[in-house]
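Input: a single structure, listed below in structure tokens.
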Amino acid sequence: MLSALAKRLPAVARIRRFLDHPVETQQRVLDRLLRRASETEWGLRLGFADILRETDVAAAYRSAVPLHGYEDIRDDVQRIRRGVPDVLWPGRVTHFAVSSGTASDGKLIPVSRETIVANRRFSMGTMYNYIATTGRTDFLFGKFLSLPGRIHEDPVVPGNWMGQVSGLQVRYAPRFVTRFMQAVDDDTIYMASWEDKLREVVRQTITTDVRSIATVPTWLMLLYEMLMEEHERLTGTKPETVRDVWPNLSLVFTGGVALSGYRAVLDEQGGAGAVDMLETYGASEGFFAFQLDPSDRDMALHLDNGIYYEFVELDGADSRNKGADGERRRLSIADVRPDVRYQMFVTTASGLWAYEVGDVVKFTSVDPYRIVVAGRTNEMLDVYGEALFGDEARDALNEACETTGARFVDYHISPLPLVRHGRPAHQWLIEFEREPDDTKLFVRVIDDRLRRVNMHYYIRREVALSAPEIVSLRRGTFYDWLDATRAEVNAQSKVPRMSEGRAIADRLLELGGGAE
């Protein structure tokens, strides 16, 4: 009955509409955003009203509005923070997502009330679509454990709120969730120390009927471990899976980092597919994509969530993807192709105009529009002309784990100059959940996979690069690196997957006591 009702809900109907009419939906979103902000400072300066009078609004927008990065809006964001209205978006904006660093030196992304509503609608739509698709509703009749980042009142401008976007989302969650389903109290949800938070969550929920969770895969692994350790301490019985502690756990919403690298471990901890995992893709700038079905390995791009998308190709110099001025073309979804890496830019209901997200995506399908996150724009190694992208490395690591029975927690790759025979190599620093059965085979699988999928790597391996070197780090090394190098460890904290320098790698080796 609930499944049939979910199919008729507005949030699910919205999903069905943009799946059926993607290009038209995106055109309407752009029109609506330009019209809404036409009288703001940016709208007047960039001529939003004139753009709207053009026959091809998207083409006029590309011509009139350049691509922007954070430095282009930094000063205006500080004005908005101090209370100046109608700058990027109409009215006064009082909420800010801290996308990196701290409130004093990091990136503060304005989050309008329209975006808060859109983010909430995205989350509820993802849940209702899951019910409509699978027919499963059992998770609704127990507790929901959300592990978001921390938010706090602005120390500079009282009345403003800032922090991680996941924390802002929980602050404005529907009343029925916070009042009846929330598994732990607000003080615990917003604790500053993640290790202390997880321990308190375990203490409060060890005997609670937790049926659904929302968090980052890396923290979920640690939560499962701590929960099962506490259960063993209290009962003297070692649980085989987390469902020996929470027998009705059936659904986990993940985000923040790609689920693919953690799925095998989380499936094992959760108990042979007993727990559905639904991946979402969001950032401080907005919520972008979600799995239509738990069995999918890609996500549907949400085309009606107050965000207009543009893409710039990263894979080569195809003349089709360059304009008359020789610059790479900005593409709408109508023009993208599968299996091509694109840098993503967004225009949002918080007044971000053709703004660089910093992520690289690949479309797995254009009917419907489905994506995987291929990494960050700065996530590539090209010291020796190998042009190794983050998704290629991640897929190679996953294949090596599947082949050798290994499981990893985290990893970092960095060039290691002048090793065997005077040739450099890539050094892979890996924190394993389970070591590979055969380390030599593990290395060979990674190397062979990269040779197959990346011609640049193949050629460099023939003449310039030695085989990858694997270093196993002790458990907890990556957390220790975060703790030692970040003012605050939070839901968004992660170690860069790749670096062309050695600073991160050398510090990890110092902390992790790795040995080849």
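The values are calculated or read from the model by the stated rules, or taken from the named source; none is laboratory data. Note that this is a predicted model, so its numbers are computed, not measured. Because the Cβ atoms are built from the backbone with ideal geometry, glycine has one as well, and the counts that use them run over all protein chains shown.
The set of residues in the stretch 57-83 that are in a helix (DSSP H, G or I), out of contact with any helix residue (DSSP H, G or I) (no Cβ under 8 Å at 6 or more places or on another chain) and either among the hydrophobic types (A, V, I, L, M, F, W, C) or under 30 Å from ASP154 (Cβ atoms) (or both) comprises ALA59, TYR70, GLU71, ASP72, ILE73, ARG74, ASP75, VAL77, GLN78, ARG79, ILE80, ARG81. Taking the stretch 28-46 as the range and being under 21 Å from ARG79 (Cβ atoms) and touching a helix residue (DSSP H, G or I) at 6+ places or on another chain (Cβ under 7 Å) as the test, the residues that pass are ALA37, SER38, LEU46. When you check ILE430 against the structure, is it of a type in the set (A, V, I, L, M, F, W, C) and not in a strand (DSSP E or B), yes or no? The answer is no for ILE430.
The number of residues in the stretch 119-150 being surrounded by fewer than 21 Cβ atoms within 10 Å (Cβ to Cβ) and within 18 Å of TYR172 (Cβ to Cβ) comes to 4.
Does ASP438 meet the test of being touching a helix residue (DSSP H, G or I) at 6+ places or on another chain (Cβ under 8 Å), free of Cβ contacts under 8 Å to residues at least 40 places away in the same chain and of a type outside the set (Val, Ile, Thr)? In short, yes. Looking for something in the same structural domain as ALA264 (by TED's automatic domain parsing), surrounded by fewer than 22 Cβ atoms within 10 Å (Cβ to Cβ) and more than 17 Å from VAL252 (Cα to Cα) - is there at least one such residue anywhere in the stretch 207-217? Yes, the stretch 207-217 contains at least one residue that is in the same structural domain as ALA264 (by TED's automatic domain parsing), surrounded by fewer than 22 Cβ atoms within 10 Å (Cβ to Cβ) and more than 17 Å from VAL252 (Cα to Cα).
Go through the stretch 338-389 and report how many residues are assigned to a loop (DSSP other than H, G, I, E, B) and charged (D, E, K, R). Qualifying residue count, the stretch 338-389: 5. Given the conditions (1) in contact (Cβ under 8 Å) with a residue 40 or more places away in the chain; (2) assigned by TED's automatic domain parsing to the domain that holds ARG474, which single one is not true for GLY405? Going through (1) in contact (Cβ under 8 Å) with a residue 40 or more places away in the chain; (2) assigned by TED's automatic domain parsing to the domain that holds ARG474 one by one, GLY405 breaks only (1).
ARG171 meets the stated requirement of being assigned by TED's automatic domain parsing to the domain that holds TRP246, modelled with pLDDT under 90 and farther than 17 Å from SER212 by Cα.
With the structure loaded, tell me whether GLU54 is within 21 Å of ALA334 (Cβ to Cβ), over 28 Å from the mean Cα position of the chain (by Cα) and not in a helix (DSSP H, G or I) or whether it fails that test.
Working: within 21 Å of ALA334 (Cβ to Cβ): yes; over 28 Å from the mean Cα position of the chain (by Cα): yes; not in a helix (DSSP H, G or I): yes.
In short, yes.
Which of the residues belonging to the stretch 84-105 are assigned to a loop (DSSP other than H, G, I, E, B) and modelled with pLDDT under 95? Within the stretch 84-105, GLY101, THR102, ALA103, SER104, ASP105 qualify.
So, in the stretch 365-379, of the ones that are out of contact with any Lys or Arg (no Cβ under 6 Å at 6 or more places or on another chain) and surrounded by 20 or more Cβ atoms within 10 Å (Cβ to Cβ), which residue ends up modelled with the lowest pLDDT?
GLY375
The condition (being touching a residue at least 24 places away in the same chain (Cβ under 8 Å), of a type in the set (Phe, Trp, Tyr) and in a loop (DSSP other than H, G, I, E, B)) is satisfied by just one residue among TRP219, TRP161, TRP246: TRP246.
Taken over the stretch 127-158, the residue count meeting the criterion of being farther than 23 Å from VAL93 by Cβ and either among the hydrophobic types (A, V, I, L, M, F, W, C) or free of Cβ contacts under 8 Å to residues at least 40 places away in the same chain (or both) is 9. Of all residues in the stretch 314-333 being modelled with pLDDT under 95 and outside any loop (DSSP other than H, G, I, E, B), which is surrounded by the most Cβ atoms within 10 Å (Cβ to Cβ)? Across the stretch 314-333, the extreme among qualifying residues is ASN321.
With respect to THR55, determine if the residue is more than 27 Å from MET162 (Cβ to Cβ), of a type in the set (Val, Ile, Thr), out of contact with any His (no Cβ under 7 Å at 6 or more places or on another chain) and free of Cβ contacts under 8 Å to residues at least 12 places away in the same chain. Yes: the conditions hold for THR55. Identify the single condition in (1) of a type in the set (A, V, I, L, M, F, W, C); (2) surrounded by fewer than 21 Cβ atoms within 10 Å (Cβ to Cβ); (3) touching a helix residue (DSSP H, G or I) at 6+ places or on another chain (Cβ under 6 Å); (4) modelled with pLDDT of 90 or more that VAL453 does not satisfy, given that it satisfies every other one. Condition not satisfied by VAL453: (4). Checking the stretch 304-311 against the condition returns a match, with at least one residue being surrounded by 19 or more Cβ atoms within 10 Å (Cβ to Cβ), out of contact with any Cys (no Cβ under 6 Å at 6 or more places or on another chain), acidic (Asp, Glu) and at pLDDT 95 or above. The condition of being within 16 Å of ASP296 (Cβ to Cβ), among the aromatic types (Phe, Trp, Tyr) and not assigned by TED's automatic domain parsing to the domain that holds ARG449 holds for only one of TYR355, TYR369, that being TYR369.
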